[in-house]
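Engineer: Submitted below is the structure of interest, expressed as structure tokens.
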Ligand SMILES: Nc1ncnc2c1ncn2[C@@H]1O[C@H](COP(=O)(O)OP(=O)(O)O)[C@@H](O)[C@H]1O
Ligand SMILES: [Mg+2]
């Protein structure tokens, strides 16, 4: 058996990609280990596809680098390609080709020969439940079948790393459950899987780790639970004091649940860590300490904004 | 009447049938396994596209049309010729008619099909899927070419029997038929590889539409040209088939074809190779080989004219004209190639830096093969200079060996000045172009096509501006050459060799142009030096690790026959 390598199977190191003035990806770094499913969550235009295309050696970063099984996607795309399966958000189709021929072609393109190739094609069709459709022309497939065929093509050469761009987008609930099951099984087989979505709930169950990305920046990385707690607990507080907020600064700095304090005339803004009840405590403490509070407002940090968007699947 | 067979005989026959089908089955399985093994060796793209073609209606339709055209031509031909078919030489006429039918698919359909097949992969996004597979760019282009070749074979097999039939009609010899067919097939493959290069040239929709229209027009032009050439060859060809020179010229044409094919193939491959890989060195080697072949043939031509003159008792041979022609061709060649090389990116990828030469000699001679505008500039100039030096060697050696006189049309001085000034012009213009490109690069990417346009613009500027000045400020009707036109490289160079003696301006030009060239060269010097200074970097640890894992330490080999006896 393979020993566990010293490096992660997927690694992004300070990845940047600019298209002219559009900063599609800004300083994104994260790692994915073998057997792990990493969910890349963010609204449309957040930079998910751009990052994934760089990982798949289809595009070059403006700065930074990414590594698949320790090999740079910039310098050694040939070695990266051998161990990588990429499923883009489109379906590349050929006329006059059936399901089996399609998979057979990609198996050949990945250098599989003879029995090995036949077995790989059979396995891909078994795995994606396409056996009964082997002779069906690919242009006549339904959306769900096409998605499964894409997955079959992506895994036909048994890569250690899978990068799937919105694999569940546009599927009916039943097909989505099927695809999720397949992805989970691939991770169980020891593959590192990176999947993207603009809807958190779509993937929440199968992702070991999720990363929230917006406007090219990675806002948070962690398990789904960690992130949802984090985003509920961190809120922005705005306080207006009669006659200037200057004296409040020192008082706030003594508290451990308050960070990033900004004072500006009558206004004090800071971030507060805690649930809604602790906000009530904070206000009471402030008033009891004799501060003339005339206004007290709290607002979700942008992380929660994003989180809300992605959890509801709302498109920005 | 129904015969009832005897039961015993029947069962015997039944068993025999089983045995036969069993053996048949086995043979069939063997064949199938063999085919599968062969199929495994074939290019994946070829396998896929052949499968597609078999199912494609369009392909079937074209094939049926060709067959129908062949049949109609045959019947019409026989009907028109009538009984004269038995005594007149009607082969050539029929051959030409069939050639029309064959040349169309080979000159237009196959190359355009190759172009479309790659362009369509890019439009339908399947190209990206292919490019991230482990297929190399070379395999992709070969696969497309092989598919084009299979199509070509199918068309050929439809028409070939009829071409053989024209041989029976008399008037066509088998050699002419074979030669014409061979050239048509080679031409078709050459056009196909050009089509593939064009398909890689641009990703933009408008560019692709424009390119495909131009390509189809060009292919039609080639088709008409091919048919006319074939006509000429059928009418006149038999006279030259016996000439030794004819075959020599054929060999030279084949050399040019082969090397150009190689360069276009490598260029198409380079276009679809990932950016960090070395896309320049193979092309530079191919250019060098092509140049070497050209020089070889030109040297042969010099020897040939000298020997011919000697054989005829003539003591004069136009060696200098051959050398002059050769260096003009080389000058244009390295100017164009240099323009493309100076458009390369100045950034040497880490991947390329891993393979840089390490030894002193390696660095001295091989650095110029590395990708980069500076090395490309030097590569072009160095090649042109060495070609011209070789020309001078031939010019001095050959006549003295054969005691024959040269320099009859043009004087030695003229040749000498022409070459010095010529190298100067190439160095000057390439250098200015390279410098401008490096400036533009600060603001925008410069694709190769843009660099070529820029260089053409510079040369045109050098020709037109003095002309404008002359028309505006000089007395009307004055059309003579003067130093005002020093920037016009065509006119200046032509002026030097046009008449029997050197023109007055040559003495100024020979100082002016090379000094300007040197100036521009030093303007670029720092950029060149920066490229040359790169040293080899070590392989990343991960690669070393993988290479080691792939090649496990060899089991201890017996050092002598006695080692293994234990
Ligand atoms: N080839 C490109 N040229 C210019 N801008 C691009 C290109 N590709 C993506 N972008 C821009 O980069 C940003 C990120 O896009 P993308 O990665 O596709 O987002 P996502 O996949 O998260 O929806 C968008 O603003 C998009 O317009
Ligand atoms: Mg996307």
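The values are calculated or read from the model by the stated rules, or taken from the named source; none is laboratory data. Please read these numbers as outputs of a predicted model, since none were measured by experiment. Neighbour counts are summed over all protein chains in view; Cβ atoms, including those assigned to glycine, are modelled from backbone coordinates with ideal geometry.
Engineer: Take residue A:83 and decide whether it is closer than 21 Å to residue A:183 by Cβ, within 14 Å of chain B (Cβ to nearest Cβ) and over 20 Å from the mean Cα position of the chain (by Cα). Break it down stepwise before answering.
Structural biologist: Numbers: closer than 21 Å to residue A:183 by Cβ: yes; within 14 Å of chain B (Cβ to nearest Cβ): yes; over 20 Å from the mean Cα position of the chain (by Cα): yes.
In short, yes.
Engineer: When segment A:251-264 is examined, which residues are found to be over 17 Å from residue A:287 (Cβ atoms) and out of contact with any strand residue (DSSP E or B) (no Cβ under 9 Å at 6 or more places or on another chain)?
Structural biologist: Residue satisfying the conditions is A:264 alone.
Engineer: Since residue A:29 meets every condition but one in (1) surrounded by fewer than 20 Cβ atoms within 10 Å (Cβ to Cβ); (2) near ligand 1 (Cβ under 10 Å from one of its atoms); (3) part of a strand (DSSP E or B), which condition does it not meet?
Structural biologist: It fails just one condition, (2).
Engineer: Quick one: how many residues across segment A:164-207 are more than 16 Å from ligand 2 (Cβ to nearest atom) and closer than 21 Å to residue A:57 by Cα?
Structural biologist: The first filter runs over segment A:164-207 and keeps only residues more than 16 Å from ligand 2 (Cβ to nearest atom), leaving A:172-193, A:201, A:204-207.
Then keep just the ones that are closer than 21 Å to residue A:57 by Cα; that gives A:191-193.
Of the residues in segment A:164-207, 3 are more than 16 Å from ligand 2 (Cβ to nearest atom) and closer than 21 Å to residue A:57 by Cα.
Engineer: From (1) in a helix (DSSP H, G or I); (2) facing chain B (nearest Cβ under 9 Å); (3) away from ligand 2 (no atom under 16 Å from the Cβ), pick out the condition that doesn't hold for residue A:53.
Structural biologist: Of the numbered conditions (1) in a helix (DSSP H, G or I); (2) facing chain B (nearest Cβ under 9 Å); (3) away from ligand 2 (no atom under 16 Å from the Cβ), the odd one out for residue A:53 is (3).
Engineer: Quick check on segment A:33-42: of everything there that is more than 7 Å from ligand 1 (Cβ to nearest atom) and either under 8 Å from residue A:216 (Cα atoms) or under 11 Å from the mean Cα position of the chain (by Cα) (or both), which residue is farthest from the other protein chains (Cβ to nearest Cβ)?
Structural biologist: Initially, segment A:33-42 is screened for residues more than 7 Å from ligand 1 (Cβ to nearest atom), giving A:33-41.
Add one more test, that the residue is either under 8 Å from residue A:216 (Cα atoms) or under 11 Å from the mean Cα position of the chain (by Cα) (or both), and what stays is A:37-41.
Numbers: A:37: 21, A:38: 20, A:39: 22, A:40: 19, A:41: 24 Å.
Residue satisfying both the conditions and the ranking: A:41.
Yes/no per residue for (1) crowded, with 18+ Cβ neighbours inside 10 Å; (2) more than 14 Å from chain A (Cβ to nearest Cβ):
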residue	(1), (2)
B:117	yes, no
B:125	no, no
B:135	yes, no
B:138	no, no
B:144	yes, no
B:159	yes, yes
B:168	no, yes
B:174	no, yes
B:198	yes, yes
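Engineer: OK, next. Taking segment A:121-137 as the region of interest, how many residues are surrounded by fewer than 23 Cβ atoms within 10 Å (Cβ to Cβ) and under 30 Å from the mean Cα position of the chain (by Cα)? Give the steps one after another, and end with the answer.
Structural biologist: Here is the first cut: in segment A:121-137, the residues surrounded by fewer than 23 Cβ atoms within 10 Å (Cβ to Cβ) are A:122-123, A:125-127, A:129-137.
Adding the requirement that they be under 30 Å from the mean Cα position of the chain (by Cα) leaves A:123, A:125-127, A:129-130.
Residues meeting the conditions: 6.
Engineer: Does residue B:309 satisfy the condition of being in a helix (DSSP H, G or I), modelled with pLDDT under 95 and in contact with a strand residue (DSSP E or B) (Cβ under 8 Å, 6 or more places away or on another chain)? First the steps, then the outcome.
Structural biologist: Working: in a helix (DSSP H, G or I): yes; modelled with pLDDT under 95: yes; in contact with a strand residue (DSSP E or B) (Cβ under 8 Å, 6 or more places away or on another chain): yes.
Judged against the criteria, residue B:309 is a match.
Engineer: Kindly check whether there is at least one residue in segment A:208-219 that is part of a loop (DSSP other than H, G, I, E, B), modelled with pLDDT of 85 or more and within 16 Å of ligand 2 (Cβ to nearest atom).
Structural biologist: Initial filter on segment A:208-219 (part of a loop (DSSP other than H, G, I, E, B)): A:208, A:215-216.
Remaining after also requiring modelled with pLDDT of 85 or more: A:208, A:215-216.
Then keep just the ones that are within 16 Å of ligand 2 (Cβ to nearest atom); that gives A:215-216.
Yes: one or more hits.
Engineer: What is the residue count in segment A:106-132 for residues that are more than 12 Å from residue A:149 (Cβ to Cβ), in a helix (DSSP H, G or I) and within 9 Å of chain B (Cβ to nearest Cβ)?
Structural biologist: 6
Engineer: Looking at segment A:179-196, which of its residues are more than 16 Å from ligand 1 (Cβ to nearest atom) and closer than 15 Å to residue A:87 by Cβ? Step through it out loud before you land on a result.
Structural biologist: First, the residues of segment A:179-196 that are more than 16 Å from ligand 1 (Cβ to nearest atom): A:179-193.
A:179, A:180, A:182, A:183, A:186, A:187, A:191, A:192, A:193 - these are the residues of segment A:179-196 that are more than 16 Å from ligand 1 (Cβ to nearest atom) and closer than 15 Å to residue A:87 by Cβ.
Engineer: Look at residue A:35 and say whether it is on the phi > 0 side of the Ramachandran plot and more than 16 Å from ligand 2 (Cβ to nearest atom). I'd like the intermediate steps shown before the answer.
Structural biologist: Details: on the phi > 0 side of the Ramachandran plot: yes; more than 16 Å from ligand 2 (Cβ to nearest atom): yes.
So residue A:35 fits the description; yes.
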